[in-house]
Amino acid sequence: MPARLAMAVGKICSAFILTATSVAMAQASSNDSDTIWTSGPLQQALELMAVFNDSKTFVDLPLLYDAATVNASFNALPKQSNGFPANETLQEFLAANFGTAGSDFEAAVPDDFSLEPDNFLPNVTEPAIRQWALAVNDLWQDLCREVNESVLTQPQLHSLLPLPGITAIPGDRFRELYYWDSYWVIKGLLVSGMTETATSEVRNLLSLLETYGHVPNGARVYYINRSQPPMLSNMVLAVYEATQDNDFLAYALPLLVSEHQYWTSPPKQVTVATASGSYNLSRYYADWFAPRPESYLEDYTSAQGMSADQQKSLWHNLASGAESGMDYSSRWFSDPSNITTIQTTKIIPAELNAYLYQMEMNVAEMADLMENGSLATSFRGYAAARKVAINALMYNQTAGKWFDLVIDDITQSPVTANQHNNTISYVSQYVPLWVGIADLGSPQAEAVTQSFLGSGLIQPGGIATSTFNSTQQWDFPNCWAPLQDIMVEALMTYGGQQGQQEAQKLVQIWLNSNYLGYQETGFMVEKYDAETPGIPGAGGEYSVQSGFGWTNGVMLSFLNTYGWNPDAATQTSSV
């Protein structure tokens with residue numbers, strides 16, 4: 001993060017207003033209120049004067065009065081020569097017109113929470129590890145929230161979106177529900193026997209999908225412009241397997257069909273023309289062309305010295321990169337060391353299309369359960385076509401992995417694109433193995449397994465996100481819980497005997513790092529250092545965060561499935 005108070009405040013950049021979103025909820029907040037947190041002179045003054053150390057703080061503050069009154073009060077403030085009120089004046093204004101960040105949620109201990117859940121981790125017998133696991137289980141009390149009454153009755157005063165039930169937040173500055181995080185949160189909740197809470201988490205996401213036509217990045221008005229990796233079908237199946245609730249499945253299925261339409265319609269879907277035919281694939285593409293409200297100063301600073309068109313393109317690609325959940329990684333940049341060269345919307349990602357293939361197969365499975373044969377047939381057809389496209393366009397037989405595609409000219413339709421074939425290895429290049437793009441027992445699955453094991457991504461502290469240190473948080477040396485879970489499952493299912501052995505080592509390597517970090521600090525964190533077990537990760541736009549929802553979920557899931565094996569935990573993987 002740049003030194004906020006050292007920034008020279010100059011001419012305010014042009015404001016780009018969020019496209020109006022059709023809102024179905026009776027509690028939907030007004031556009032006038034939304035712009036308090038997404039654009040306008042008030043936001044610009046507070047962010048560019050660096051009133052807070054974190055851009056996200058302001059946009060999480062609830063209003064004490066209606067937006068018109070607050071804006072009128074701001075406009076009446078005396079201004080300095082730079083056009084902004086003095087910092088002290090802004091502090092007094094905030095105290096008089098806004099509540100505190102996080103006050104729109106209330107702590108909620110779910111009815112199904114237990115300090116010692118029934119049949120909890122039966123394969124874990126070592127006292128110290130059970131004590132650690134019970135302490136992590138206890139964190140659900142700290143992370144579970146429900147919106148307060150004002151969010152439901154006066155939504156125009158809040159950037160927080162109304163939610164129907166209890167939710168588990170990631171933790172720290174991430175004080176709201178997030179989309180793809182929730183999959184691994186749910187896995188942990190189910191290990192803790194919190195089926196009702198897991199169901200509530202999924203119902204919250206389905207409610208957002210029903211309202212907005214997609215699942216926003218998170219439950220804030222400033223996140224409506226984009227989504228995150230489409231994991232909702234996995235969550236629905238996980239809850240259904242635990243509950244066998246057909247009514248729940250019947251409610252979720254048509255909403256998942258609508259989410260699929262969101263991801264497979266332009267501008268997210270593009271048609272790629274080749275000499276042998278055309279293929280439909282999808283990309284990340286946010287509906288936003290201004291600085292992200294939650295990272296306003298960072299985006300504003302990155303755009304200095306650019307023309308208005310260049311700024312708009314940069315901000316659009318930054319928001320689209322945030323939609324990937326991997327914000328940020330060198331894989332989105334044309335120059336892997338320079339974030340201002342970000343080109344997310346030119347990239348057709350291998351892992352996104354793998355997730356969509358998985359969604360299509362999941363919907364087909366759910367349609368079978370609901371005895372909807374025509375829907376099942378349609379979605380298996382979509383999945384089959386996507387699998388062909390992923391292998392035809394993205395798979396590199398020599399490298400044994402799937403490369404992203406880079407579009408030659410995004411103004412064309414259909415587009416032409418080529419593999420982004422570089423020397424950097426990314427976990428994302430192996431995600432298609434997880435979902436079955438390589439057939440079980442096939443030479444392709446074996447080749448991908450060997451490629452991954454020799455990729456350099458496996459380190460003493462876990463699977464690094466990439467082999468390149470760009471200083472971005474989704475690059476080397478950081479490793480993240482969801483990617484550990486994905487690759488462990490990929491190797492266990494498609495990696496053959498060697499892959500399974502290596503997967504079980506990777507589980508223990510990850511658990512060891514989590515345990516060492518917890519012993520040292522008393523915290524579970526969002527990311528870890530791949531080179532040194534137990535050390536928190538670093539880099540990116542903010543300091544490392546504790547809590548932490550998906551880390552806790554993967555740790556509990558690993559212990560539940562594989563147990564604790566200290567001998568394996570001290571070993572490193574080898575080809």
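Points worth noting:
- Looking across region 151-160, just one residue is of a type in the set (S, T, N, Q) and buried (at least 23 other Cβ atoms within 10 Å of the Cβ), and that is S159.
- Qualifying residue in region 224-243 (condition: among the charged types (D, E, K, R), part of a loop (DSSP other than H, G, I, E, B), over 18 Å from the mean Cα position of the chain (by Cα) and farther than 30 Å from W288 by Cβ): no
- Across region 171-205, the number of residues qualifying as touching a strand residue (DSSP E or B) at 6+ places or on another chain (Cβ under 6 Å) and in a loop (DSSP other than H, G, I, E, B) comes to 3.
- Filtered residue count, region 332-364, keeping only those that are open to solvent by less than 10 Å² (accessible area, probe 1.4 Å), out of contact with any Pro (no Cβ under 7 Å at 6 or more places or on another chain) and either without any contact (Cβ under 8 Å) to a residue 60 or more places away in the chain or part of a helix (DSSP H, G or I) (or both): 8
- Members of region 282-293 found to be more than 15 Å from A417 (Cβ to Cβ) and open to solvent by 10 Å² or more (accessible area, probe 1.4 Å), listed by number: D287, F289
- Members of region 215-238 that are closer than 27 Å to G193 by Cβ, open to solvent by less than 10 Å² (accessible area, probe 1.4 Å) and out of contact with any Phe, Trp or Tyr (no Cβ under 7 Å at 6 or more places or on another chain): A219, L232, S233, V236
- Evaluation of L208 against (1) in contact with a helix residue (DSSP H, G or I) (Cβ under 8 Å, 6 or more places away or on another chain); (2) assigned to a helix (DSSP H, G or I); (3) open to solvent by less than 10 Å² (accessible area, probe 1.4 Å) (one fails), failing number: (1)
- Among the residues of region 239-281, not one is open to solvent by less than 40 Å² (accessible area, probe 1.4 Å), modelled with pLDDT under 95 and of a type in the set (A, V, I, L, M).
- In the set (1) among the hydrophobic types (A, V, I, L, M, F, W, C); (2) in contact with a helix residue (DSSP H, G or I) (Cβ under 7 Å, 6 or more places away or on another chain); (3) buried (at least 22 other Cβ atoms within 10 Å of the Cβ); (4) outside any loop (DSSP other than H, G, I, E, B), the condition left unmet by L163 is number (4).
- Residues of region 259-317 that turn out to be among the β-branched types (V, I, T) and in a strand (DSSP E or B), as a count: 4
- Applying the criterion of being part of a loop (DSSP other than H, G, I, E, B) and open to solvent by less than 10 Å² (accessible area, probe 1.4 Å) to the residues of region 515-527, the residue that is farthest from W434 (Cα to Cα) is M524.
- Test result for A354, touching a Lys or Arg at 6+ places or on another chain (Cβ under 7 Å) and of a type in the set (G, A, S): no
- Against the criterion of being touching a residue at least 12 places away in the same chain (Cβ under 8 Å) and over 24 Å from Y518 (Cα atoms), V151 qualifies.
- Of the candidates V448, V427, the single residue that is at pLDDT 95 or above, open to solvent by less than 10 Å² (accessible area, probe 1.4 Å) and more than 24 Å from the chain's Cα centre (by Cα) is V448.
- Among the residues listed as A530, A538, the single one being surrounded by fewer than 19 Cβ atoms within 10 Å (Cβ to Cβ), touching a residue at least 40 places away in the same chain (Cβ under 8 Å) and among the small types (G, A, S): A538
- One residue from S282, S233, S276, S227 being in contact with an Asp or Glu (Cβ under 7 Å, 6 or more places away or on another chain) and touching a residue at least 12 places away in the same chain (Cβ under 8 Å): S227
- Applying the criterion of being part of a loop (DSSP other than H, G, I, E, B) and among the hydrophobic types (A, V, I, L, M, F, W, C) to the residues of region 394-413, the residue that is most open to solvent (accessible area, probe 1.4 Å) is I410.
Conditions tested, residue by residue: (1) in contact with a Ser or Thr (Cβ under 9 Å, 6 or more places away or on another chain); (2) under 14 Å from T551 (Cβ atoms); (3) crowded, with 24+ Cβ neighbours inside 10 Å.
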{"position": "Q459", "(1), (2), (3)": "yes, no, no"}
{"position": "T467", "(1), (2), (3)": "yes, no, no"}
{"position": "S470", "(1), (2), (3)": "yes, no, no"}
{"position": "W474", "(1), (2), (3)": "yes, no, yes"}
{"position": "C479", "(1), (2), (3)": "yes, yes, yes"}
{"position": "L511", "(1), (2), (3)": "no, yes, yes"}
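- Residue-level analysis places S55 among those that are under 32 Å from the mean Cα position of the chain (by Cα) and of a type outside the set (A, V, I, L, M, F, W, C).
- So E176, is it in contact with a Ser or Thr (Cβ under 9 Å, 6 or more places away or on another chain), surrounded by fewer than 21 Cβ atoms within 10 Å (Cβ to Cβ) and farther than 19 Å from A238 by Cβ: no
- All positions within region 222-278 that are in contact with a strand residue (DSSP E or B) (Cβ under 8 Å, 6 or more places away or on another chain) and among the aliphatic types (A, V, I, L, M): V270, V272, A273
- Which numbered condition V257 fails, given (1) more than 21 Å from K387 (Cα to Cα); (2) touching a helix residue (DSSP H, G or I) at 6+ places or on another chain (Cβ under 8 Å): (1)
The values are calculated or read from the model by the stated rules, or taken from the named source; none is laboratory data. In this text, all values refer to a predicted model and were calculated from it rather than measured experimentally. When we count neighbours, we look across all protein chains shown, and the Cβ atoms used for this are built from the backbone with ideal geometry, even at glycine. We work out accessible area using only protein heavy atoms, side chains counted, and drop any ligands, DNA or RNA first. Shrake-Rupley method; radii C 1.70, N 1.55, O 1.52, S 1.80 Å.
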